[in-house]
1. Kindly list the number of the only condition in (1) surrounded by fewer than 17 Cβ atoms within 10 Å (Cβ to Cβ); (2) of a type outside the set (Val, Ile, Thr); (3) touching an Asp or Glu at 6+ places or on another chain (Cβ under 9 Å) that fails for ARG228.
2. Take the stretch 222-265 and flag every residue that is closer than 16 Å to ALA198 by Cβ and under 19 Å from the mean Cα position of the chain (by Cα).
3. What are the residues in the stretch 389-417 that are without any contact (Cβ under 8 Å) to a residue 60 or more places away in the chain and part of a helix (DSSP H, G or I), if any?
4. From the list SER306, SER278, SER246, which one is under 19 Å from ARG163 (Cβ atoms) and either buried (at least 17 other Cβ atoms within 10 Å of the Cβ) or touching a Gly at 6+ places or on another chain (Cβ under 7 Å) (or both)?
5. Give the stretch 87-102 a look and list any residue that's under 17 Å from ARG62 (Cα atoms) and either surrounded by fewer than 19 Cβ atoms within 10 Å (Cβ to Cβ) or among the aliphatic types (A, V, I, L, M) (or both), or say none.
6. For the stretch 253-289, name all the residues that are within 23 Å of PHE208 (Cα to Cα) and small (Gly, Ala, Ser).
7. Quick one: how many residues across the stretch 150-195 are touching a Lys or Arg at 6+ places or on another chain (Cβ under 9 Å), surrounded by fewer than 24 Cβ atoms within 10 Å (Cβ to Cβ), farther than 17 Å from ILE229 by Cβ and charged (D, E, K, R)?
8. Looking only at the stretch 389-417, filter to residues that are crowded, with 21+ Cβ neighbours inside 10 Å and β-branched (Val, Ile, Thr); which one of those is farthest from GLU197 (Cα to Cα)?
Amino acid sequence: MRTLPLFLLLLAVACLGVCGSAAAATAASGEHTPVPITFPKIDRHPAAGDYGRRGALEELPREDEESEWSRDVDLRAYDVSGLDLSESLDDLLWASFDDDTVWPPDERMPAGLDWQHIMELGKDPGLAVGTLHERGITGRGVGVAIIDQVLLTKHEEYADRLRLYEEINVRPGTDPQMHGAAVASIAVGKTVGVAPEADLYFIASWTFEPLEEGHPRTFEYYAQAVRRILEVNEQLPEDRKIRVISISVGWNPSQKGADEMTAAAQEAVEAGMLVVCSSVDDVHGPDFKLLGLGREPLDDPNAFESCQPWHHVAEGFYRGAPYTDFLLTPSDSRTTASPNGDAEYVFYRQGGLSWSIPYAAGVYALAAQVDPEITPKRFWSLAMKTGRTIDVEHDGKKFPLGRIIDPVALIKALQGE
């Protein structure tokens, strides 16, 4: 799938992973009687990653000055305190940064630009999800499984609800990655997540063969991870079952292990789970389509009027490409857990489907708490039916944007209100 330009370096580093947890892989094969699990089962606590202090910048980085659709000013862990940024408002409104970014004093910053305020706005999952939390609709008792990159297991956003952490196809000692911390916190984070009291089951894995030339992609390990999740679920009590699997990647038939991955995903569907991924329409059918949403970093995340076309499709959207049959969930301008420390955060100005997928998984956890009998088909149908459409303006013209997921309206529909 296509993700943020700034992800590419970390994904290249990720290719160095190699098989680590043979026990988890063997268990996933289903060739023996499952070993009883005592929860929480955390196979490893990776130490916080050392991605900080990338040095001082002599000028702001620019990803692509020619494209308004792919502008990412990556300031994560950089020292920009020596720069005069007072005239750089437009660039800074495209900036990704974290708690390790060193900023100039206020007199050398654009008037009215408060990076701490942007960080706090990005922590809010938005779309009025907080009003559901206030009513006790938090995903409590619902299991959310995630298959992704190595996790910083002790981060304050999810450590107390991490029920299982295992690794497949990961070199022993691999540092936690930004992607795992981000998706986990978006789904179930205590302050930034959609379902802050859901149980988290996390299997770390790579979709690469790191020891083969060219690091070819393979999905056999992800298939093992899905089957391991099904095995784990058999040992859970009825009131704490895993109801959704979040996988921030997609696959196609030409890729190694794709058939096995598709088969494993279908087994999860047959077990009653929602498997939300970039290939969600291939897994659940053509009615299941998902795209991200854009938002300016200073706009209110709880106002539907703040929603914009996702930056990856905005150009096509304004040229008239229809996206009304997609379910749209927030992607851009999100603050997530950082892999750099147990209490550190990072703001991503641009997000890929990687961020939209755990958001949808989190909303499903809320729905499963309210209606334990919910099915993926009913959920998606209601999400589309209750979703909102707004008008967005561009070059003096108005364009309808929808269906934007409306978690409050969705829950009301489930409750018969």
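1. Condition not satisfied by ARG228: (1).
2. Within the stretch 222-265, ILE229, ILE242, ARG243, VAL244, ILE245, SER246 qualify.
3. Answer for the stretch 389-417, where residues must be without any contact (Cβ under 8 Å) to a residue 60 or more places away in the chain and part of a helix (DSSP H, G or I): ALA409, LEU410, LYS412, ALA413, LEU414.
4. On inspection, the qualifying residue turns out to be SER246.
5. Result: GLU87, LEU89, ASP90, ASP91, LEU92, LEU93, ALA95.
6. SER254, GLY257, ALA258, ALA263, ALA264, ALA265, ALA268, SER278, SER279
7. Residues meeting the conditions: 3.
8. ILE405
The values are calculated or read from the model by the stated rules, or taken from the named source; none is laboratory data. It should be emphasised that the depicted structure is a prediction, and the values quoted were computed from it without experimental measurement. No Cβ is skipped: glycine too gets one built from the backbone with ideal geometry, and neighbour counts run over all protein chains shown.
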